[in-house]
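S.K.: Questions regarding the structure given below will be posed in turn.
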Protein chains: 2
Amino acid sequence: MIEIREATEHDFEAIWPIFHEVAKAGETYAYSPDTNKEQAFSIWMSAPNYTYVLVENGEVMGTYYLKTNQAGPGQHVCNCGYMVSSLARGKGFATIMCEHSQQKAVEFGYKAMQYNFVAASNDLAVKLWLKLGFSVVGTLPKAFNHPRLGYVDALVMYKWLAE
Amino acid sequence: MIEIREATEHDFEAIWPIFHEVAKAGETYAYSPDTNKEQAFSIWMSAPNYTYVLVENGEVMGTYYLKTNQAGPGQHVCNCGYMVSSLARGKGFATIMCEHSQQKAVEFGYKAMQYNFVAASNDLAVKLWLKLGFSVVGTLPKAFNHPRLGYVDALVMYKWLAE
């Protein structure tokens with residue numbers, strides 16, 4: 001059984017190993033590989049407007065945050081980040097969370113969703129976001145320093161959600 | 001006589017009216033028009049890695065910040081924001097600050113500079129950044145809610161600074 005619900009502070013004990021694994025790899029997110037638990041809490045739980053967990057049979061297998069991307073004249077656009085445990089890849093959890101986040105974003109009154117910094121080398125993610133209705137609206141030349149590939153482009157992806 | 005130097009806490013007394021005027025207009029920056037002085041201090045002085053003032057004959061007429069745009073794999077790219085007092089427009093101060101910031105960025109070891117959110121309606125700024133070597137690398141559809149024009153595009157602009 002799979003459910004998505006708002007994360008509690010307690011859930012962070014299960015989120016942290018997922019975050020740490022993803023940040024340490026340095027291949028997909030613009031977080032320092034050395035981000036410690038306290039910093040991760042601030043990044044993933046405190047700074048965003050909302051944090052959710054995807055729970056499969058009682059275990060946290062994925063998580064995402066949703067936050068306002070820019071203040072003032074940009075506050076109708078939100079930003080999300082998603083992480084799935086390496087124990088649960090290939091099960092469609094990113095798709096489930098992305099669709100959930102789009103519904104929530106509309107509920108919260110956002111008109112669009114933006115991903116600011118998708119490593120162009122992250123083929124799976126790029127394909128998935130395209131499939132889920134996002135477009136590549138920007139290409140930041142050599143903006144992502146990949147641990148094996150060196151400087152690769154980062155993509156800005158965007159989806160208008162409102163009517 | 002014009003000089004650019006690092007801002008002190010005391011300088012914020014002169015920065016605040018400039019910030020407030022720009023934020024309140026809501027036409028160029030993604031700050032809430034209601035941003036108060038304490039929030040502005042945090043945004044302009046605390047959060048960035050560096051804040052500078054442009055001083056003309058002893059008076060602060062412009063200011064800019066420089067910060068790392070993304071952590072970890074994105075930390076070689078910086079971001080800047082510039083503001084000029086309405087009393088000092090048309091004197092080339094934005095150009096002077098932009099060129100200064102590019103020199104500083106190289107000194108600090110950054111390899112590129114990115115502007116995340118330039119209102120497409122801000123013709124003067126767009127033309128200026130193009131002239132100073134930046135390229136439009138992204139267009140965020142209707143991402144900027146302009147007080148008179150409604151939803152306009154926001155541009156992502158970028159310049160590689162390293163060899």
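Every read-out reported here was derived from the displayed coordinates using simple, explicitly stated rules and does not represent laboratory data. Only a predicted model underlies this, so the values are computations on that prediction, with no experimental measurement involved. With ideal geometry, Cβ positions are generated from the backbone for all residues, glycine too; neighbour counts draw on all protein chains shown.
S.K.: So what are the ³J(HN,Hα) numbers for region A:13-29, from phi and the Karplus equation (6.51, -1.76, 1.60; θ = phi - 60°), rounded to whole Hz, Gly and Pro as x?
M.R.: Rounded to whole hertz, the list is 4, 8, 6, 3, x, 5, 4, 4, 4, 5, 5, 4, 5, x, 9, 10, 10.
S.K.: DSSP loop (so not H, G, I, E, B), at most 14 other Cβ within 10 Å: list which chymotrypsin sites (Phe, Trp or Tyr not before Pro) in region B:85-119 pass both filters.
M.R.: Passing both the DSSP loop test and the Cβ count: B:Phe108.
S.K.: Other chains' Cβ within 10 Å of B:27-34 residues: what's the mean?
M.R.: For peptide B:27-34, the averaged partner shielding equals 4.
S.K.: For A:146-157, what's the mean count of beta carbons from other chains sitting within 10 Å of each residue's beta carbon?
M.R.: Mean inter-chain Cβ contacts per residue within 10 Å come to 2.
S.K.: Just to confirm the numbers: B:Asp123, label point 7 angstrom along the Cα-Cβ line, distances to the other copies in nm, shortest first?
M.R.: 4.5
S.K.: Return the tail of the calculated pair distribution for region A:42-88, meaning the percent of Cα-Cα pairs more than 18 Å apart.
M.R.: 38 percent
S.K.: Here is a follow-up. Pull up the DSSP beta bridges for the protein assembly as shown and report the antiparallel fraction as a percent, rounded to 5.
M.R.: Antiparallel bridges make up about 90 percent of those DSSP assigns within the protein assembly as shown.
S.K.: If you average the C-alpha positions of region A:123-163 and of region B:1-68 separately, how far apart do those two centres end up, in angstrom?
M.R.: A separation of 32 Å, based on Cα centres.
S.K.: While we're here: Give me a comma-separated list of calculated 3J(HN,Hα) values for region A:116-129, in order, Karplus coefficients 6.51, -1.76, 1.60 applied at θ = phi - 60°, integers in Hz, x for any Gly or Pro.
M.R.: Per-residue couplings from phi come out as 7, 7, 9, 4, 4, 6, 8, 3, 4, 5, 4, 4, 5, 5 Hz.
S.K.: Still on this structure: Please build a GNM for chain A, connecting alpha carbons under 10 Å apart, and tell me which residue among A:Gln75, A:Gln102, A:Gln114 fluctuates the most.
M.R.: Maximum fluctuation in the GNM of chain A, among the listed residues, is at A:Gln75.
S.K.: Could I ask something else about it? I'd like the mean, over residues of A:77-86, of how many other protein chain beta carbons sit within 10 Å of each residue's own Cβ.
M.R.: Taking all residues of A:77-86 together, the mean is 1.
S.K.: Now for a separate question. Quick one: what Rg and Dmax do you get for the protein assembly as shown from the alpha carbons, in Å?
M.R.: Cα radius of gyration and Dmax of the protein assembly as shown are 20.3, 70 Å respectively.
S.K.: Let me check against my output: what whole-number percent is the relative contact order of chain A, with C-alpha pairs under 8 Å and at least 6 apart?
M.R.: 19 percent
S.K.: Then there's this: Kirkwood Rh and Cα-based Rg: tell me the resulting Rg over Rh for region A:113-163, rounded to two decimals.
M.R.: Rg divided by Rh gives 1.02.
S.K.: Can you list residues from other chains, or at least 5 along the same chain, whose modelled amide H is less than 5 Å from the amide H of A:Asn49?
M.R.: Answer set, sorted by chain and number: A:Leu66, A:Lys67, A:Thr68.
S.K.: If you don't mind, there's one more thing I want to ask. I'm checking a number: the convex hull volume of the Cα atoms of region A:2-114, normalised per residue, in Å³. What is it?
M.R.: 103 Å³
S.K.: Restricting to bridges with both residues inside region A:63-144, how much of the DSSP beta-bridge set is antiparallel, in percent to the nearest 5?
M.R.: Percentage antiparallel, nearest 5: 65.
S.K.: Starting from a label point 7 Å past Cα on the Cβ side, list the distances from A:Ala25 to the same position in the other copies, nm, shortest first.
M.R.: Label-point separations across copies, in nm and ascending: 4.5.
S.K.: Here's something else I'd like to know. Starting from region B:68-158, pick out the trypsin sites (Lys or Arg not before Pro) whose DSSP state is loop and whose Cβ has at most 14 other Cβ atoms within 10 Å.
M.R.: Here the trypsin sites (Lys or Arg not before Pro) that fit, given the DSSP loop and packing criteria, are B:Arg89, B:Arg148.
S.K.: Quick one: with label points 7 Å out along Cα→Cβ, list the inter-copy distances for B:Val106 in nm, shortest first?
M.R.: Values, ascending and in nm: 5.0.
S.K.: Have a look at A:Ser135, A:Ser85, A:Ser32 and tell me which one the Gaussian network model of chain A (Cα, springs below 10 Å) gives the largest fluctuation.
M.R.: The residue that fluctuates most here is A:Ser32.
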